[in-house]
Structure formats: structure tokens, C-alpha cells
Amino acid sequence: MAERTAAQPLLTVSDLEVAYGKAVVVHGVGFEVRQGEFVVLLGRNGAGKSTTLHAVSGLIPKRAGRVIFDGHDITRATARDIVQAGLAQVLQGHRIFTSLTVEDNLLLGTYVARQGDERQRLEEIYALFPEVAERRRELASRLSGGQQQILAVAQGVIGRPKLLVLDEPSTGLAPLIIDRILEVASSLCKSGLAILLVEQLVDKALRHAHYGYLIETGRVAAGATTGELAGSAILEQIYLGHHAPGEAAAGG
Ligand SMILES: Nc1ncnc2c1ncn2[C@@H]1O[C@H](COP(=O)(O)OP(=O)(O)O)[C@@H](O)[C@H]1O
Ligand SMILES: [Mg+2]
């Protein structure tokens, strides 16, 4: 069975706690994404996956914990500084600006990353995403939901991040387009970009990712290679909530 890559860590999250008001929903989460690795966070609805991602990206405050990205402590960095450090996040249900053209949406991605050579970046993106290139002059509102999600991914990678974070990119999309998005993520990963994915579609996610963590009510319940996780008892128990009658969830 394949082992986890021995590459250096790119993102290390330790003892992360996040609260909304007095309600603590992330209780000491820790995980790692290594250079060039494709990591998936799995867990039931409400487990705290999006909250974890938002705290890592600096979109909401952290109550406790530490985040190291690319050798720098970004625990207290602003969301803008974190993007500029190379951590790009495509938010859950994120739709692009429908009143702008496809190309202007892409250009926004370069402004956020505050880098020059926009033209060259656009050409790179159009080579990677032919379906975006074809529609570049059209208003983004004219794209299908799936094409808009691909545009959101393209907008995330145009700033040449080191880590791309995708929060349930499959939401509301048809199976074919979901496969396309996960294949795009895989091929971006093969070209050296690390990926952190949150996904409800366990089988699809396990097929594309290298390593997975299971999040249960704000805690990491397990971490293993996707080969080990596929079909494992703990995955069934935690993700699908299949406990035998009268039996408690697996401990420690
Ligand atoms: N803005 C918010 N204010 C208060 N509670 C929230 C907010 N967002 C999420 N929650 C709660 O935090 C918990 C974790 O939610 P979330 O991180 O969205 O889970 P997941 O992404 O795993 O489905 C849930 O109980 C949810 O109801
Ligand atoms: Mg979520």
C-alpha cells in the first residue's frame, strides 16, 4: 500500500480552536499538507470543515492554535497576506462575479495576488482550461453552474498559489462536471501545486487525493493514506454514521 509522501510540510495546522461567539466548533484540530500533496478533509455536514478552512485562511479568527505555511507562521496574518503568501481558497458555494466577463473575473484573481504579467497568466490559464478560454469575452452569468465553478478554480490558481484550497467544489453540480473539477485538481497537483480539498463525495475524493483526514464534531478522528481509508471501518462509522445499535463511536 502506498505510503504518505516524505516531502516537507507546506501547511501545518496544530491545536486549532475556533468558536462562533461562545460556541466552540473546532476543538484542537491538527493536520498537515505536504509539498505537492493532495489532501482531503472528510466528515459529516456540520463537522467543522469549512470553519477550519476559513480560520486557516484568516477569514475568521482563531481562538487558539498555530498555522505554519511555507515556513512562515501565519497564525495571525490577515486573509490578504495569506493569499499573497500563496494560499488560495475557493470558498464553498463560491460563485464568481456574474456581472463581469469571464476574463475580468480571472483578472480579479491576479489583482488579489498583486502580481504583474497578467497577459501571460491569462494565456497559461486558457491553456489549462479550454472551456474557460472559449467563453472569455462572455458575461460569467452566461456560464453553467459547472463552468462557473471551473472559473472559480481558475481564478484561484491564476495567482500561482502554492496551495489551492477547495471547499466542496461539487456542490450542486452534475457528476460529469464534478469529475472534470477533480481531474483538474489532480492535474494541477501533478504539476506541483498542493491541494487541500473538502468533499462530501467520499469515493470520488478518495480516488483523487493521496491522504485524508476524518473530522468528527470539530476533532480529527483519523488520518491515513486514501488507500487505507477506502472501505475502512472508521470511514463508515464516522462519515456515514453507521454505528451498531447500542455501540459507541470508536474511541481514541
Ligand atoms: N457563521 C456561523 N455562526 C454560527 N455557527 C456556525 C457558523 N457557521 C457554521 N456554524 C456552525 O459550526 C459548525 C461547523 O460548521 P461548518 O464548519 O460549516 O461544517 P462543515 O463545513 O463540516 O459542514 C456547525 O454546527 C455549524 O452550524
Ligand atoms: Mg462546509
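The values are calculated or read from the model by the stated rules, or taken from the named source; none is laboratory data. Worth saying up front: this structure is predicted, and the values here are computed from it rather than measured. Methodologically, a virtual Cβ is constructed for each residue, glycine included, from the backbone with ideal geometry; neighbour enumeration extends over all protein chains shown.
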Quiz item: Looking only at segment 8-61, which residues are of a type in the set (Gly, Ala, Ser) and under 15 Å from Gln200 (Cα atoms)?
Solution: Gly43, Gly46, Ala47, Gly48, Ser50
Exercise. Could you check, for segment 66-76, whether at least one of its residues is exposed (fewer than 15 other Cβ atoms within 10 Å of the Cβ), within 16 Å of ligand 1 (Cβ to nearest atom) and part of a strand (DSSP E or B)?
Key: no
Quiz item: Mind checking which residues of segment 27-46 are under 17 Å from Ile68 (Cβ atoms) and over 17 Å from the mean Cα position of the chain (by Cα)?
Solution: Gly28
Practice problem: Could you figure out which of (1) surrounded by fewer than 18 Cβ atoms within 10 Å (Cβ to Cβ); (2) within 16 Å of ligand 1 (Cβ to nearest atom) isn't true of Lys49? | Solution: (1)
Quiz item: Going by the conditions given, is Arg137 more than 16 Å from ligand 2 (Cβ to nearest atom) and either in contact with a strand residue (DSSP E or B) (Cβ under 9 Å, 6 or more places away or on another chain) or assigned to a strand (DSSP E or B) (or both)?
Solution: yes
Quiz item: Restricting attention to segment 64-86, which residues are out of contact with any Lys or Arg (no Cβ under 7 Å at 6 or more places or on another chain) and under 21 Å from Ile150 (Cα atoms)?
Solution: Val83
Self-check item: Condition broken by Arg80, with the remaining ones in (1) touching a Ser or Thr at 6+ places or on another chain (Cβ under 6 Å); (2) within 28 Å of Leu139 (Cα to Cα) satisfied
Solution: (1)
Quiz item: Residues Val67, Val40: which one is within 16 Å of ligand 2 (Cβ to nearest atom), of a type outside the set (Asp, Glu) and in contact with a helix residue (DSSP H, G or I) (Cβ under 6 Å, 6 or more places away or on another chain)?
Solution: Val40
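For segment 52-65, what are the residues that are β-branched (Val, Ile, Thr), part of a loop (DSSP other than H, G, I, E, B) and surrounded by 19 or more Cβ atoms within 10 Å (Cβ to Cβ)? Explain how you work it out, then say what you get.
Within segment 52-65, the first condition is being β-branched (Val, Ile, Thr), and the residues that meet it are 52, 56, 60.
With the extra rule that they be part of a loop (DSSP other than H, G, I, E, B), the set shrinks to 60.
Hits for segment 52-65: nothing passes.
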Practice problem: For segment 213-234, name all the residues that are polar (S, T, N, Q) and without any contact (Cβ under 8 Å) to a residue 24 or more places away in the chain. | Solution: Ser232
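Conditions (1) under 23 Å from Phe69 (Cβ atoms); (2) among the hydroxyl-bearing types (Ser, Thr, Tyr); (3) touching a Pro at 6+ places or on another chain (Cβ under 7 Å), marked per residue:
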residue	(1), (2), (3)
Val132	no, no, no
Glu138	no, no, no
Gly145	no, no, no
Gly156	yes, no, no
Leu163	yes, no, no
Ser170	no, yes, no
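Take the conditions crowded, with 21+ Cβ neighbours inside 10 Å, closer than 22 Å to Ser50 by Cα and at pLDDT 90 or above and apply them to Val132. Does it pass?
On the way: crowded, with 21+ Cβ neighbours inside 10 Å: yes; closer than 22 Å to Ser50 by Cα: no; at pLDDT 90 or above: yes.
No; evaluated as a whole, the condition is false for this residue.
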Quiz item: Scanning segment 1-44 for residues that are part of a loop (DSSP other than H, G, I, E, B) and surrounded by 20 or more Cβ atoms within 10 Å (Cβ to Cβ), which turns out nearest to ligand 1 (Cβ to nearest atom)?
Solution: Gly43
Self-check item: Selection within segment 76-85 - within 18 Å of the chain's Cα centre (by Cα) and β-branched (Val, Ile, Thr)
Solution: Ile82, Val83
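What are the residues in segment 187-209 that are of a type in the set (Val, Ile, Thr) and not in a helix (DSSP H, G or I), if any?
Filtering segment 187-209 for residues of a type in the set (Val, Ile, Thr) gives 195, 198, 202.
Ile195, Val198, listed by residue number.
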